[in-house]
């Protein structure tokens, strides 16, 4: 049996070690796969960073070109302003010269004035004054060249602005890709870290399994050695017994029968004594070895439990670290979401001229509906009666008269007090029209039984007050039938108790039930009377 148990343990340990090795190989493959993916992601990240640097260089060049174009545009604007100032100055000088020439013409003769045609010049002067542009060919050429250059520069500026927008979009895309790759890299790093932890765990578990396997092997070798020693000892004992038998036969043959018998008996006694002592020693050794093995098993169990506790502590620490990490990530994500919301609000809604009043706070949520009252007077009465039954079941017949009166009063008083408290609290009583076996006459009301009154009490308790919603359902017919059955059983028990005349004999279980049904009936009648009185008073 021990060998089969050891073989089973060896098989189980070998299976566990094989499973651990398979899981270790699977995890190693997953680690290599994740390593390759991480390398690939790193290469893609490097490529994206290179593209980002190229885009940044291109954007810097574009910005420099735009700055140069703006400087040229400013220079051309200043040149144009200076040209316009020179043209206005020339116009003024021409006008002054014309005035002076007119003064000189007034001094000249009429013949000379007739020859000079002043009409064309007079017509040209107002046109030049109205236009305010220099009529010289050089100025016109410079202005046309400047206009052409300005148009070319504006077209280049538009193209550069378009290129700048495209580069900005590409930069945003590359940044998003870079962030995505960084996130993927962090996820991969976390996965690799977790896989490393799992590998460490599996290594520890495999080490523990190997330690246990080695300990079991040592125990098995020890037991085998002990078994071989015991077999050797038994073989030696058999050889000694055979030798003694031969010697006894030789002695019997050589010595007379009487002496030989005496010697043989003495030797047999000594041998039996030695055998008994050796057997006892062997049993003690076996017990000691069993105790050692048991102690080693307990030590193994303790070590296994300690290892399990260490593993559980490590897992708890890991989960705590994950929890803190998740909390920090959630806080970061909330902060980023708030920032993005603010940016979206700033982009979508420009800042107004004057801030308006803050919006009113949202209205508070409506209060929760009041819980429905789960109190049931019938259940309380039944529980009181059951308690009374349990107490009175252990009372002897001699104390029957004295013990029955006080519990009846207690149960009656409890039921009456409970019903009065419910009526004082505002329980609305409602009459139920239902036919029963027993009837009680009432003035101007007809006949109603105690069952109907109890149903009315239950309905009034279950029905909410005037402040709550009136959507309550009446009791089901199954509940009514159960109440009727319970009260009919009590009536039958009461009748049986009245018919019983054996009050001096020992009280058995059915008599206990009958005696306990009497206070139940009395309490029911008392409750019925109290309910009718309160109803008539109202």
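Side notes on the structure shown:
- Cα gyration tensor shape for the stretch 255-344, rounded if a/c is under 1.5, else prolate or oblate: prolate
- Calculated FRET efficiency for the pair residue 304/residue 51, C-beta based, R₀ 56 Å, to 0.05: 0.50
- Simple spin-label estimate for residue 278 and residue 242 in nanometres, 7 Å along Cα-Cβ: 1.5 nm
- Between residue 37 and residue 325, the C-beta separation translates, for a Förster distance of 30 Å, into a calculated FRET efficiency of about 0.85.
- Cα centroids of the stretch 30-72 and the stretch 187-251: 66 Å apart.
- Spin-label zone in the stretch 55-74 - amide nitrogen under 13 Å from a point set 7 Å from the Cα of residue 171 along the C-beta vector: 55-64
- FRET efficiency, residue 107 to residue 151 (Cβ-Cβ, R0 51 Å, nearest 0.05): 0.50
- Placing a label point 7 Å from the Cα of residue 217 along the Cα-to-Cβ line, the residues of the stretch 11-38 whose backbone N sits under 16 Å from it are 11-18.
Read-outs: derived from the displayed coordinates by stated rules, not from any lab. Only a predicted model underlies this, so the values are computations on that prediction, with no experimental measurement involved. Counting neighbours? That spans all protein chains shown, and the Cβs are built from the backbone with ideal geometry, glycine included.
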